[in-house]
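First comes the structure, then the notes that go with it.
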Amino acid sequence: MTCSMTSYARKGESSDLGELTWEIRSVNHRYLEVSVRLPEEFRVLEPLVRERMGKRLSRGKVDCAMRFTPSKGGEAGVVVNERLAQQIIEAAGQVGRLLHEAVPPRTMDVMRWPGVLEVEERDFTPAQKHATELLDAAIDDLVAARKREGDRLAELIAQRCEAMREQVVKVRELMPNVLTSVRERLRARLAEVSEELDSGRLEQEMALLAQRLDVDEEMDRLWTHLDEVDAVLKRDEPVGRRLDFLMQELNREANTLASKSNDVETTRIAVELKVLIEQMREQVQNIE
């Protein structure tokens, strides 16, 4: 299964509790790295969010954020601690009598005193349960989007593999003519030097030269690697790292072809192969 690491999902819903929205963004990364941003009332969900992400994703840098706007009737109220406020007023009166100042404390001064105003505690358990259900839906959307993008990447990689096979076929068709041309050029140069060269020695040198220029093994390995790429793309598991390794192997064979090239057309094909491999490698960097 080919999945992209680059994706985005957004899931929002309104209820009697308020408006809740999840946003999840993911980009390519060597490992799975999850960043979670939650309102204070939902901090308790962070371990659960990381657990759910770890079960569904294996690689990628994931940014998961939640926004919650409580409904008008569900906003936390303010409660006055009357006992504390009365104690402050009485204490202020006592101090005023000691200072012979009959100035009562101002209302705002009493309200600013720590503990006089208290935020009414709310039970966020229903909202947290609803947030968990909506999170699962958002992750489902994210995974589906990654899969769709992965399918497109797999199609692009398969097209590049087919283009590389066409280039391999061209190399194999060219090699007999290339070797013949090299032999003729070598004979012509040696003939200019001396007409009394040992023909047996000459044939031996030509055979060694042909062996050095032969790329059949490299083309066989390259073709095998391309078959493996096709097989890996069909696996039902994360394949990004395996594909990255195969790109290195393909590049190695293309470099060997370039180093053995003895004519313009083979060099051009080697360059074309390296271009195709680089295009695939860029796509593979986004695959989970």
- Query: In whole Hz, what ³J(HN,Hα) sequence does the stretch 88-98 give by Karplus (6.51, -1.76, 1.60; θ = phi - 60°), x for Gly and Pro?
  - Reply: 5, 4, 5, 5, 5, x, 4, 5, x, 5, 5
- Task: Mind ranking 250-261, 78-89 by how tightly packed they are, going by the mean number of other C-beta atoms within 10 angstrom, highest first?
- Result: 250-261, 78-89
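I'd like the per residue volume of the convex hull spanned by the Cα atoms of the stretch 87-146, given in cubic angstrom.
Numbers: hull volume 6.5 nm³, N = 60.
Convex hull of Cα atoms, per residue: 109 Å³.
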- What is the gain in length, in nm to one decimal, between K234 and Q94 on full extension, counting 0.36 nm per residue of separation less the C-alpha to C-alpha distance? 42.0 nm
- Message: In whole percent, and with a 1.4 Å probe on the protein chains, what portion of the accessible area of the stretch 13-54 is carbon and sulfur?
- Response: 46
- Item | Neighbourhood net charge (12 Å Cβ-Cβ; Lys/Arg +1, Asp/Glu -1) for E23 | +3
- According to the Cα gyration tensor, what semi-axes, each the square root of 5 times an eigenvalue, does the equivalent ellipsoid of the stretch 78-119 have, listed from largest to smallest in whole Å? 22, 9, 6
- Item | Residue-normalised accessible area of the stretch 78-119, given per residue in Å² at a 1.4 Å probe | 86
- Within the set K61/K274; K61/K129; K61/K147, which residue pairs have Cα atoms separated by over 18 Å? K61/K274; K61/K129
- Task: Using DSSP to define loop residues, name the chymotrypsin sites (Phe, Trp or Tyr not before Pro) in the stretch 2-60 whose beta-carbon has at most 11 other beta-carbon atoms within 10 Å.
- Result: Y31
- Item | Environment charge at Q283 (Cβ cut-off 13 Å; Lys +1, Arg +1, Asp -1, Glu -1) | -4
- Query: If only Cα atoms are counted, what is the Rg of the stretch 1-158, and what is its Dmax, in Å?
  - Reply: 25.4, 93
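The values are calculated or read from the model by the stated rules, or taken from the named source; none is laboratory data. Just so it is clear, the structure is predicted and the values come from calculations on it, not from any experiment. In this analysis, Cβ positions are derived from the backbone assuming ideal geometry, glycine residues included, and neighbour counts consider all displayed protein chains. Keep in mind that these areas ignore ligands, DNA and RNA; they rest on the heavy atoms of the full protein, side chains included. Shrake-Rupley method; radii C 1.70, N 1.55, O 1.52, S 1.80 Å.
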